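A.B. asks: The structure is given below, and queries will be raised subsequently.
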Amino acid sequence: METIAAISTPIGVGGISMVRTSGPDAFEISQKVFKAHDGTLLKDMKGFTAKLGNVIHDGKCIDEVIALVFRAPKSFTGENMVQISCHGGIFITRCVLRSLLDSGASMAGPGEFTKRAFMNGKISLEKAESIMGLISSNYERERELNFSSYCGKSGNKIESLKNILIDLLSDLNAEIDYPDEDVPSISDKEIYNRLSDLNDKLNELIKNHDISYVIRNGLRTAIVGAPNVGKSTLMNLISNREKSIVTDIPGTTRDAIEENVIFGDVPLLLIDTAGIRETDDKIEKIGTERSKEIAKSADLIFMMLDSSREITNEELEILNSIDKNKVILILNKKDIKPDYKCDFLNISRVVRISAKTGEGIEELAREVSNFVNLSSIRNGTLLLATERQYDVIKKAFYELSKIINDLGSVPRDILIDMIKNVMDILSEFTGENIENDVVDSIFSKFCVGK
Ligand SMILES: Nc1nc2c(ncn2[C@@H]2O[C@H](COP(=O)(O)OP(=O)(O)OP(=O)(O)O)[C@@H](O)[C@H]2O)c(=O)[nH]1
Ligand SMILES: [Mg+2]
């Protein structure tokens, strides 16, 4: 096993930076560059202790640093580790790294520290994945989701589901191993009940995954409508900055403009689009087409009307071309006309606002929150933190459904093998039973130094 080194703090100027080294030769390699002021050798230091000293490279003193020692297996990676904290300059930090590489360390690959932690059994795959999510969390709900995964909550749940299968397997095996003894045989009905119960639980995780997706990626929300209804004004209001140009000239926005925002308690990828209308203008035509495409692919559509005037045929056409289940109808400019009637449009979600004054915006936020049904996770519903975890659960659900379907026609020894297969799939969740290339692909998405 090679000894690896990398800068683990962001590349930039700050108070301190940290370079870490991990592997069997971590102490020897670090010792070549680190000289403690009191002469202590790294190999003689206890784990979790630190010494002040200098980093010397090519006979020159590079910086005064603190070296922190972790001894295997009590370290993040499970290997011997040295963390050198130096002054936080880009050049100084690179010099410290260079000194370690010149002394025999290899440059760490992306996520290699975390990968070693996983390979050495220090953390589950679920925890390793959640570290990435935690680091990139942008708001409370996303942090909560990733921290719950970091603490192994879904892993524990999967273990408890696996126990249902383990119990069933032991009953089935007892029946086969001791046919003559007084072991009660277990009926198809009983097996059906136990497996269906398990499959319902997997299905719940699958169903709730949409919410997890929204928390991690934002709900793709398109503001769509005719020109001049106030789409860009709403974009600016929600994003709290002058993201889109607003004028009283119809056709101001020509292209889609995107912004990640937290609206109420829902993360949105908000897309302001060009007003849709028949036009001979070449650029506007392209913009209009683009708006229609975006409306088709969006998770949620803010269809905006100007309530100070009557709805046009063109607007009715837009409404007819989009999926009404995804629509919140926004009657804008309520400051001019607050009581615009729209019952004939048959849309269930309607909010009256003034994008100009901000009136009605909280109601719109509530409507969005209801649309996503975020309230269902307020009482501690378990959410899967990554698409990989989701794929594992879906695969297990699919295989289990097949078993449930075939129950009457499958001999017991084959049934046992099929159940074992589902166990193996579920074991992939925490990384117990996982192919090396899957592990490599997961960690390749990490940064160097993690
Ligand atoms: N009175 C009033 N005027 C508004 C309101 N919202 C927007 N406006 C005005 O309506 C005009 C058009 O606003 P925009 O936000 O540029 O409209 P748009 O839908 O983005 O228009 P296009 O980009 O051309 O498609 C501007 O003069 C805004 O100030 C509102 O709630 N009340
Ligand atoms: Mg606009």
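The values are calculated or read from the model by the stated rules, or taken from the named source; none is laboratory data. The model shown is predicted, which means the values in this text are computed figures rather than measured ones. Cβ: placed from backbone, ideal geometry, glycine included. Neighbour counts: every protein chain shown. What goes into the accessible areas is simple: the full protein's heavy atoms, side chains included, and nothing from ligands, DNA or RNA. Shrake-Rupley method; radii C 1.70, N 1.55, O 1.52, S 1.80 Å.
A.B. asks: How many of the residues making up the stretch 246-271 are within 16 Å of ligand 1 (Cβ to nearest atom), open to solvent by 60 Å² or more (accessible area, probe 1.4 Å) and part of a strand (DSSP E or B)?
C.D. replies: The qualifying residues number 1.
A.B. asks: When the stretch 48-79 is examined, which residues are found to be open to solvent by 30 Å² or more (accessible area, probe 1.4 Å) and in a loop (DSSP other than H, G, I, E, B)?
C.D. replies: Phe48, Asp58, Gly59, Arg71, Ala72, Pro73, Lys74, Phe76, listed by residue number.
A.B. asks: Give the residues of the stretch 207-255 that are at pLDDT 95 or above, touching a Lys or Arg at 6+ places or on another chain (Cβ under 7 Å) and of a type in the set (A, V, I, L, M, F, W, C), sorted by residue number.
C.D. replies: Passing the criteria: Ile223, Ala226, Met235.
A.B. asks: Given the condition open to solvent by less than 30 Å² (accessible area, probe 1.4 Å), part of a strand (DSSP E or B) and closer than 24 Å to Gly47 by Cα, answer yes or no: does some residue in the stretch 84-101 qualify?
C.D. replies: yes
A.B. asks: Just one of (1) in a helix (DSSP H, G or I); (2) surrounded by 20 or more Cβ atoms within 10 Å (Cβ to Cβ) trips up Tyr390, so point out which.
C.D. replies: Failing condition for Tyr390: (2).
A.B. asks: Let me ask you something else. Does Phe371 qualify as being touching a residue at least 40 places away in the same chain (Cβ under 8 Å), aromatic (Phe, Trp, Tyr) and open to solvent by less than 40 Å² (accessible area, probe 1.4 Å)?
C.D. replies: It is false that Phe371 is touching a residue at least 40 places away in the same chain (Cβ under 8 Å), aromatic (Phe, Trp, Tyr) and open to solvent by less than 40 Å² (accessible area, probe 1.4 Å).
A.B. asks: Sticking with this structure for a sec: Mind checking which pairs have a first residue in the stretch 29-49 that is assigned by TED's automatic domain parsing to the domain that holds Ser85 and a second that is of a type in the set (Ser, Thr, Tyr) and open to solvent by 10 Å² or more (accessible area, probe 1.4 Å), Cβ under 7 Å, 6 or more apart or different chains?
C.D. replies: Final answer for the pair search is Ile29/Ser103; Lys32/Ser103; Val33/Ser103.
A.B. asks: Now for a different question. Just a yes or no: is a residue in the stretch 303-316 part of a helix (DSSP H, G or I), of a type outside the set (Phe, Trp, Tyr), open to solvent by 10 Å² or more (accessible area, probe 1.4 Å) and within 16 Å of ligand 1 (Cβ to nearest atom)?
C.D. replies: Within the stretch 303-316, one or more residues are part of a helix (DSSP H, G or I), of a type outside the set (Phe, Trp, Tyr), open to solvent by 10 Å² or more (accessible area, probe 1.4 Å) and within 16 Å of ligand 1 (Cβ to nearest atom).
A.B. asks: Related question: Answer yes or no as to whether Thr312 is within 16 Å of ligand 2 (Cβ to nearest atom) and of a type in the set (S, T, N, Q).
C.D. replies: When the stated conditions are applied, Thr312 does not pass them.
A.B. asks: Just the residues that are within 6 Å of ligand 1 (Cβ to nearest atom) and assigned to a loop (DSSP other than H, G, I, E, B), please, taken from the stretch 224-245.
C.D. replies: Pro227, Asn228, Val229, Gly230
A.B. asks: Ok, one more. Name the single residue, out of those in the stretch 210-219 being of a type outside the set (Phe, Trp, Tyr) and surrounded by fewer than 18 Cβ atoms within 10 Å (Cβ to Cβ), that is farthest from ligand 1 (Cβ to nearest atom).
C.D. replies: Asp210
A.B. asks: Among Ala295, Ala274, which is assigned to a loop (DSSP other than H, G, I, E, B), hydrophobic (A, V, I, L, M, F, W, C) and touching a residue at least 12 places away in the same chain (Cβ under 8 Å)?
C.D. replies: Exactly one residue qualifies, and that residue is Ala274.
A.B. asks: Follow-up question, since we're still on this one. So, in the stretch 127-183, exactly how many residues are of a type in the set (Phe, Trp, Tyr) and in a helix (DSSP H, G or I)?
C.D. replies: 2
A.B. asks: Moving on. Would you confirm, using the coordinates I've provided, whether Ile238 is within 13 Å of ligand 2 (Cβ to nearest atom) and either open to solvent by 10 Å² or more (accessible area, probe 1.4 Å) or over 26 Å from the mean Cα position of the chain (by Cα) (or both)?
C.D. replies: So Ile238 fails the test.
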